[in-house]
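This report concerns only the one structure given below.
No lab work stands behind these numbers, since they all come straight from the coordinates. All figures in this text were calculated on a predicted structure; none of them were measured in a lab. In this analysis, Cβ positions are derived from the backbone assuming ideal geometry, glycine residues included, and neighbour counts consider all displayed protein chains.
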Amino acid sequence: MSVPDLTSFAERWDRRHLLDLESLSAEEITILLDVASRLKEATEGCRRKLSLLSGKTCANLFFENSTRTRNSFSLAAKRLGADTVEFGSSGSSTAKGETFADTAKTIEAMGVDWVVTRHGTPGTPNLLARELGCCVLNAGDGPHEHPTQGLLDLLTIRQHRGSLEGLTVALVGDIAHSRTARSNIWGLKRMGAHVIICGPPTLVSPRWQELGFEVAHHLDEILPRCDVLNLLRIQFERQHARPFPSVREYAALYAMNAARMRQAKENILIMAPGPINRGVEITPEVADGPHSVILEQVTNGIAVRMSALYLLSAADDRYRNANKASA
Amino acid sequence: MKKPLLIENGTLIDPSQNLNRGGRILMVDGVFATVDPSDGDIPQDCEVIDAGGCLVTPGLVDLGVELREPGFEEDETVLSGSHAALAGGYTSILAASSTDPVIDSHGAVEFVRQKATEARGARVYVVGCLSKGRSGKQMAELGLLSEAGAVAFSDAPRAAPSDALLKRALEYCRMLGRPIFDSPEVPELALGGVMHDGQVSLVLGLKGLPTEAEDLAVARDVRLAEATDGRLHVGPVSTMGAVDMLRRVKSRGVVVTASVCPHNLMLSDAAMRSYESRFKVHPPLRSPRHVATLCQAVKDKTIDAIQSGHMPRSREKMMNDLDQSPFGISSLETALATAATALVRTGTLDWIELIDRMSTRPAQIASLDAGTLGIGRPADVTIIDPNAGWKVDPSQFRSTCISTPFAGMELIGRVRHTIVGGELRFSG
């Protein structure tokens, strides 16, 4: 397979940072997904490594623990020929009192083209995008957004259904603390899906209704209507006080299990961003069953990250050339 | 000996005498001597200030300023803060007890007062701690603090007395004739919050400060004030619920006063979309419905006073992410213009009403000999160009803190001169 020609996509893409899906248009999301599909094809099978981004360097700057997202970004960069460099919060100077912005500037000064950042506080990627000259990719900022997770979910659904238009997609679980939810919500809405946000009222604010989304508290009532279920992990680590009486009660009300599968549409897609808590939001027979696309999501994660790195870099090259020309 | 000072060609505005007309005013020996003196009565060696096109008002009074000295001199000092106050048109400020050590002893009060005398900025009055160590539990030595010169008692900002302590202190303070200030918030409901709990916080994923955290505290405060007949000032407030509660108890005749910060009258929580710490204030910027209600409450006197909400924090503290950055902004130098832009330019208040809320009324609340141009009273004056538009440039601040939500913003109303005790201390 030859290297795909992506220039027609790059020409229609203007952003140097990927901070959230809320501010993206349907057209922009489509470009990201189209490029991801082509890069996925081009790197499939023989695990071909492309050289689209050779000579560039991607810095992973993670202030929160992560294995899968971090590795997914690293692999995405490497498959396109870029070098990667890893920074973690425990080993770096933030442990010595440096502000995260100073840490990021130090890393940028070493000469990097993208900073991929994860942080426990919403908005930190926005602050870095303002402070740094290179491209910034949000790999999760507290409960705010995780745009590449949202994109990989969209890509997975699109691959199975061809389009998102008119599908009913339920996000179930800990919406309050979920960046995956906040990216999915906007991505799905832009792409024309009907979004149901489902969970106990302590985790699902009624204000989502004011913003135009359907809010539900009983999974069994909405389940027969759903084309896709995205089961979000209960983020015990982000909760000040437990928002439901017990895990047992939560599982009884919201876990996707074999009995509930019988109430669902025949072709329902079961998704989960991982890491999954087997027995809490999903039972093993569902997680490993025929409707589950959980591992495809992981594969698609690399594809959308390749796409984002490529498109941001192309916009950045144009931006730098324009600056050089005007100077 | 100070030279006599004459201000001429200005419009005299004095809410305490319902004065709003052209005229001149003479100050001798630190007090107002004569309004509209005849030429013969003006001393030979008199200094003259031409206030043409300007308003001549009683010096502004701020009920709550953090000066941060001792202990947090990187944020502000008595010197820098009291001069920032002058630049903002304030001639009297009440310094909060949130220092290190906290102001819960005679020596601590004395320290701040001494620093203020040396600074020769605005007059600095000390607010003593309500509880020992600002712990919210045991009453501080309010009588001794009062003797040392504390004019009010409070654990504000952001420290809440327990129900039992507030009740006891309100009772106890009746014999001292000094008010208690409470910044209303139920800590348990506000835990970890960084902004108004609403649609914007929901989308941004930032932890919210729910309005009910303030509403419940205001309800408690006014109920205890009524029960004890104590002198209570609640503020700054920021919610429709607080306004509603205050309106109801005031209509029943309960004596309680309240204040609001000017930024809460101008900006909404939408500002937080930029994720900048310069919008992280306490109480938080709320949704537009709350903002509109607060403006109306200032108009109808449900809210008595406007206080700057000056909570200075050093640059390095504000350079962090939103969770790590402290609440706080530099607002002494923008408070008047912010309030004028939010209230006077929009036609909600006229100037005499605004000066009432920023000078006369706060002086009454703290029982200060201020807030008036009355003959024989201390000659504290602010001269304001009401129509001057200016762009906020934090690099020009006298405050150590340059974090402001108004950076680069165009405001109206500029302080031209600030006079303390008949002495010209600021010209801009």
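Over the residues of the protein assembly as shown, the helix contribution to mean residue ellipticity at 222 nm works out to -9500 deg cm²/dmol, using -39500 (n - 2.57) for each DSSP H run of at least 4. For chain B, the average shadow cast by the Cα convex hull is 18.7 nm², which is a quarter of the hull's surface.
Ordering A:Gly150, A:Ala109, A:Met261 by the projection of their Cα atoms onto the charge dipole of chain A, which places +1 on the Cβ of Lys and Arg and -1 on the Cβ of Asp and Glu, puts A:Ala109 at the extreme positive end.
For a straight C-alpha distance cut-off of 18 angstrom, the aspartates and glutamates reachable from A:Lys324 (same-chain residues fewer than eight places away being disregarded) are A:Asp14, A:Asp113, A:Asp316. Cβ crowding within 10 Å ranks A:Lys105, A:Lys56, B:Lys3 as B:Lys3, A:Lys105, A:Lys56, fewest other Cβ atoms first. Could you state the angle between the C-alpha long axis of helix A:100-109 and the longest principal axis of the C-alpha atoms of chain A, as a value from 0 to 90 degrees rounded to the nearest 10? So the inclination is approximately 40 degrees.
Principal-axis analysis of the Cα atoms of chain B puts helix B:163-173 at an angle of about 30° to the longest axis.
In a DSSP loop and with at most 15 other Cβ atoms within 10 Å, the trypsin sites (Lys or Arg not before Pro) in segment B:81-167 are B:Arg120, B:Lys137.
By the compact-protein rule of thumb, 2.2 N^0.38 Å, the alpha-carbon radius of gyration of segment A:39-83 corresponds to a ratio of 1.24. What residue among B:Met409, B:Met195, B:Met27 has the largest mean-square fluctuation in a Gaussian network model of chain B, using Cα springs under 10 Å? Fluctuation is largest for B:Met409. Each DSSP beta bridge with both residues in chain A is either parallel or antiparallel, and the antiparallel ones are about 0%.
Note on B:Lys137 and A:Lys265: their simple-model spin labels are 6.0 nm apart, each label 7 Å out from Cα toward Cβ. Extending each Cα 7 Å along its Cβ direction at B:Gln324 and B:Asp350, get the distance between those two points in nm, one decimal. Calculated label separation equals 5.2 nm.
Using a simple spin-label model with pseudo-atoms 7 Å out from Cα toward Cβ, B:His106 and A:Glu131 lie 4.9 nm apart. Per-residue mean of foreign Cβ neighbours for A:122-135 is 4 (Cβ atoms of other chains, 10 Å radius).
In this calculation the C-beta distance from B:Arg120 to A:Ala327 is compared with R0 = 41 Å, giving a FRET efficiency of 0.25. Counting Cβ atoms of other protein chains within 10 Å of each residue's Cβ and taking the mean over peptide B:203-211 gives 6. Taking every C-alpha pair closer than 8 Å and separated by at least 6 residues, the mean separation divided by the residue count of segment B:59-365 gives a relative contact order of 17 percent. Please label the shape of segment A:62-185 as rounded, prolate or oblate, based on the square roots a ≥ b ≥ c of the eigenvalues of the alpha-carbon gyration tensor (a/c under 1.5 means rounded; beyond that, a/b larger than b/c means prolate, else oblate). Since a/c reaches 1.5 and a/b is larger than b/c, the shape of segment A:62-185 is classed as prolate.
Can you give the Rg to Rh ratio of segment A:185-274, both from alpha-carbon atoms, with Rh computed by the Kirkwood formula?
0.95
Distance between the C-alpha centres of segment A:212-290 and segment B:26-103: 63 Å, rounded to the whole angstrom. Applying 1/(1 + (r/R0)^6) with R0 = 35 Å to the Cβ-Cβ distance of A:Arg318 and A:Leu253 gives a FRET efficiency near 0.10. For segment B:174-280, which trypsin sites (Lys or Arg not before Pro) are both in a DSSP coil and crowded by at most 15 other Cβ atoms within 10 Å? Filter output for segment B:174-280: B:Arg174, B:Arg252.
One decimal place: the segment A:Ser163-A:Glu41 gains 42.1 nm when fully extended, by the rule 0.36 nm per residue minus the C-alpha distance. In the calculated pair-distance distribution of chain A, the portion above 34 angstrom amounts to 23 percent of the Cα-Cα pairs. Output needed: percent of Cα pairs per 5 Å distance bin for segment A:147-297, bins running from 0 to the one holding the longest distance. Taking every Cα pair in segment A:147-297, the percentages come to 2, 10, 22, 25, 23, 13, 5, 1, 0. Here the dipole of chain B is about 640 debye; that uses its Cα centre as origin and unit charges on the Cβ of Lys and Arg (positive) and Asp and Glu (negative). Out of every Cα-Cα pair in the protein assembly as shown, what percent are more than 46 Å apart? Distances greater than 46 Å cover 33 percent of the Cα pairs.
When +1 charges are put on Lys and Arg Cβ atoms and -1 charges on Asp and Glu Cβ atoms, the dipole computed for segment A:81-228 relative to its Cα centre reaches about 200 debye.
In terms of packing, defined here as the mean over residues of other Cβ atoms within 10 angstrom, the peptides A:124-131, B:91-98 line up highest first as B:91-98, A:124-131.
Comparing Cα centroids, segment B:271-326 and segment A:156-177 end up 38 angstrom apart. Annotation for segment A:149-216: GluC sites (Glu not before Pro) lying in DSSP loop with at most 15 further Cβ atoms inside 10 Å of their Cβ are A:Glu165.
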